[in-house]
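Scroll down for the structure; my scribbles are underneath it.
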Amino acid sequence: MFSKLWTVALQGIDATLVEVETQLEGGLLHFIIVGLAGTSVREAKDRVMAAMKNSGLLFPRRNITINLAPADLRKEGSAFDLPIAVGLLASSGQIINENLDDYVFVGELALDGRLRPIKGALPSALSLRALGGKKLIVPVENADEAAVAEGVPIYPMASLREVVDFLNGEDAVEPYTVNIGELFEQNRNYEVDFREVKGQQRAKRALEIAAAGNHNLLMIGPPGSGKTMLARRLPTILPDPTLDEALQSTQIHSVAGTLPPRTALLATRPFRAPHHTISDAGLIGGGTIPVPGEVSLAHRGVLFLDELPEFRKSTLEVLRQPLEDGEVVIARVAATTRFPSRFLLVAAMNPTSGRYHGNELEEGSVTTAQQRAYRARLSGPLLDRIDLHVPVPAVKAEELSLKDEGEPSENIRQRVIAARDRQLARFKKAKIFSNAEMSTRHLRELAGITEEAEAALKLAIQRLGLSARAHSRALKVARTIADLAGHENVGEADVLEAISFRDLDREGGA
């Protein structure tokens with residue numbers, strides 16, 4: 001007996017239709033799965049056998065061949081359990097459905113026949129939306145996530161027995177839907193707010209500029225000065241993600257298995273803060289079976305690297321490609337996988353490598369040579385991709401005792417959105433979306449820099465000993481400062497403020 005049905009295989013955040021062919025022949029029990037199946041897929045035969053028996057279904061004790069086509073596409077993961085079980089049941093006559101070709105099956109089987117949730121439910125559903133005409137059967141726990149892909153009929157099932165009864169027409173199940181607008185409202189909440197930050201007006205100004213122009217930022221200050229506190233509140237002043245951005249972020253977290261429980265859609269900007277001991281693959285992504293790293297999990301959000309000089313130099317250097325290209329490309333013998341990685345980089349470091357008591361440096365705890373070595377851990381090419389360097393001094397006691405709250409995130413976000421809207425209008429024909437993305441040509445043609453501002457910048461570079469790379473960076477930041485103020489052109493004051501945020505380019509550093 002022969003049967004054919006459909007499932008999907010994940011490649012990065014994309015999903016490809018896979019044909020599951022099942023052939024039953026006479027002879028002793030022999031169960032083989034072919035078609036470039038990974039270890040977790042080959043193990044499916046044991047889970048499927050137990051699940052069928054414990055669901056009151058007959059496992060065919062015959063010569064069984066399962067082929068997963070296309071055969072040159074690597075298949076990994078436990079989501080193949082359900083389609084393999086349904087293929088066996090259809091081949092042995094326990095499922096009779098003339099429209100089996102209309103369905104796509106994904107799900108992991110427990111030994112008692114329950115359906116467990118899988119990774120990649122949303123990418124699977126989105127791939128079917130592009131094809132049209134297919135219906136998706138998923139575990140109940142993945143129903144909300146899969147239903148976000150509007151236009152694809154979703155049928156959530158709790159067990160293998162339910163799937164069999166549904167396909168045999170014994171149980172009627174209506175397609176499952178969700179209200180995306182309600183999901184956005186329910187999930188668009190941040191637990192932190194800038195109103196909680198005391199003092200640090202200059203640092204907050206730098207963060208506002210970074211959010212408005214999508215500029216990477218480095219904060220330099222002693223322990224306890226509030227660098228992490230400030231960074232964690234940056235997503236709260238970024239514009240709310242669009243539906244397309246939310247879908248992309250959700251896809252990445254879905255395939256990585258990091259989607260929070262009972263969360264169908266990531267409606268807020270991601271914030272990722274890996275420890276400085278992270279490996280290259282953990283930061284960028286990779287592995288035998290490529291999975292997204294922290295730079296991709298931060299896609300359309302914020303990647304925070306605390307204690308930046310403590311990261312391995314090789315790890316920091318691999319950041320350069322995703323910062324430049326907005327994606328990570330992982331090449332393997334079997335396939336090349338791509339993960340998007342457009343994020344706002346925020347980093348923090350101490351002014352020196354010496355020992356601190358609270359936020360005070362121990363006298364004599366660091367030599368000049370040690371200090372130079374500490375700064376040398378940050379390469380020029382990496383610093384070249386950071387637009388803003390801002391000192392974050394320790395907060396004064398009188399500022400901590402103030403009863404008045406700081407400015408709320410909502411007020412700052414409205415200014416950021418207004419500045420972003422001005423940039424979108426300016427760049428509508430240039431295929432870029434923020435000031436940080438401007439090239440030299442864009443600066444010359446679109447930035448609107450006055451001659452006085454240009455002259456002020458040249459003079460500042462000469463007098464302060466700024467590096468050559470600071471020139472275009474400062475102009476981009478100045479353009480953002482002008483956008484926040486609602487100015488058509490970049491003026492001298494905008495340039496001078498931008499220059500003040502280039503501390504590490506000065507002779508001797510910050």
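Ellipsoid fit via the Cα gyration tensor, the stretch 43-119: semi-axes of 18, 16, 13 Å, each the root of five times an eigenvalue, largest first.
Note on Lys428: lysines with a C-alpha under 19 Å away, same-chain residues under 8 apart excluded, are Lys476.
When DSSP beta bridges are restricted to pairs lying wholly in the chain, around 50% turn out antiparallel. Here the dipole of the chain is about 1180 debye; that uses its Cα centre as origin and unit charges on the Cβ of Lys and Arg (positive) and Asp and Glu (negative).
Roughly how many whole Å is it from the C-alpha centroid of the stretch 114-152 to that of the stretch 485-501? With the stretch 114-152 and the stretch 485-501 each reduced to a Cα centre, they are spaced 49 Å. For the stretch 83-144, the alpha carbon positions stretch 32, 28, 14 Å along the principal axes, listed from largest to smallest. You can think of it this way: the chain between Glu185 and Glu362 has 58.8 nm of extra reach, that is 0.36 nm per residue less the Cα-Cα gap. The mean sequence separation of alpha-carbon pairs under 8 Å and at least six residues apart, normalised by the residue count of the stretch 412-483, gives a relative contact order of 39 percent. Of all lysines in the structure, those lying under 23 Å Cα to Cα from Lys134, and not within fewer than 8 positions of it along the same chain, are Lys4, Lys75, Lys119. Over the Cα atoms of the stretch 224-317, the radius of gyration divided by the Kirkwood radius equals 0.98; this is the Rg/Rh ratio.
Counted by Cβ distance under 14 Å from Leu323, the other residues give a net charge of -4, where Lys and Arg count +1 and Asp and Glu count -1. With Cα atoms as the point set, the radius of gyration and Dmax of the stretch 257-362 evaluate to 15.8, 54 Å. The relative contact order of the chain comes to 13 percent, based on Cα pairs under 8 Å that sit 6 or more residues apart.
Here the chain is treated as an ellipsoid with the same Cα gyration tensor; its semi-axes, largest first and in whole Å, are 53, 23, 21.
Values quoted throughout were computed directly from the atomic coordinates according to the rules given, and no laboratory measurement underlies them. Owing to the predicted nature of the structure, the values given are computational and were not obtained by experimental measurement. Note that each Cβ is placed from the backbone with ideal geometry, even for glycine, and that neighbours are counted across all protein chains shown.
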